[in-house]
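All remarks here apply to the structure that follows.
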Amino acid sequence: MATHSFLIRTDSEKLAQLDELGQKLDRSRDALVNQAIDDFLLQQAIILGKIKRGLESADRGELIPHQQVFDRLKSRSLTLGTSRDDLESP
């Protein structure tokens, strides 16, 4: 597949984090950024697919009561228990 270059702007802190991660993983900036783009595109495709299926379900009248949705979300947030503060710095 042909590759193309483009320019992005970012702050020096993100650039330093990217370089540090690249050193730890023995990967170039290009490789890390391409992986991040691939991951982002996959994540968005998954999210959009779920939204589409949800809207199709709603169009068929297959809805979940508000309280049941709220209870599920509350339960998930308690079991996941991960915040940005819990993540290891690169």
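Output the residues belonging to region 18-49 that are among the charged types (D, E, K, R) and either at pLDDT below 95 or surrounded by 10 or more Cβ atoms within 10 Å (Cβ to Cβ) (or both).
Initial filter on region 18-49 (among the charged types (D, E, K, R)): 19-20, 24, 26-27, 29-30, 38-39.
19, 20, 27, 29, 30, 38, 39 - these are the residues of region 18-49 that are among the charged types (D, E, K, R) and either at pLDDT below 95 or surrounded by 10 or more Cβ atoms within 10 Å (Cβ to Cβ) (or both).
For region 20-48, the set of residues classified as in a helix (DSSP H, G or I) and either at positive phi or not hydrophobic (A, V, I, L, M, F, W, C) (or both) consists of 20, 22, 23, 24, 29, 30, 34, 35, 38, 39, 43, 44, listed by residue number.
Of the residues in region 72-80, not one is more than 19 Å from the chain's Cα centre (by Cα) and outside any helix (DSSP H, G or I). Based on what the data block shows, is residue 13 out of contact with any strand residue (DSSP E or B) (no Cβ under 6 Å at 6 or more places or on another chain), surrounded by fewer than 10 Cβ atoms within 10 Å (Cβ to Cβ), part of a helix (DSSP H, G or I) and at pLDDT 95 or above? For residue 13, the condition - out of contact with any strand residue (DSSP E or B) (no Cβ under 6 Å at 6 or more places or on another chain), surrounded by fewer than 10 Cβ atoms within 10 Å (Cβ to Cβ), part of a helix (DSSP H, G or I) and at pLDDT 95 or above - is met.
The values are calculated or read from the model by the stated rules, or taken from the named source; none is laboratory data. This structure is a prediction, so every number in the text was calculated from the model and none was measured. Using ideal geometry, Cβ is built from the backbone for each residue, glycine included, and neighbour counts are taken over all protein chains shown.
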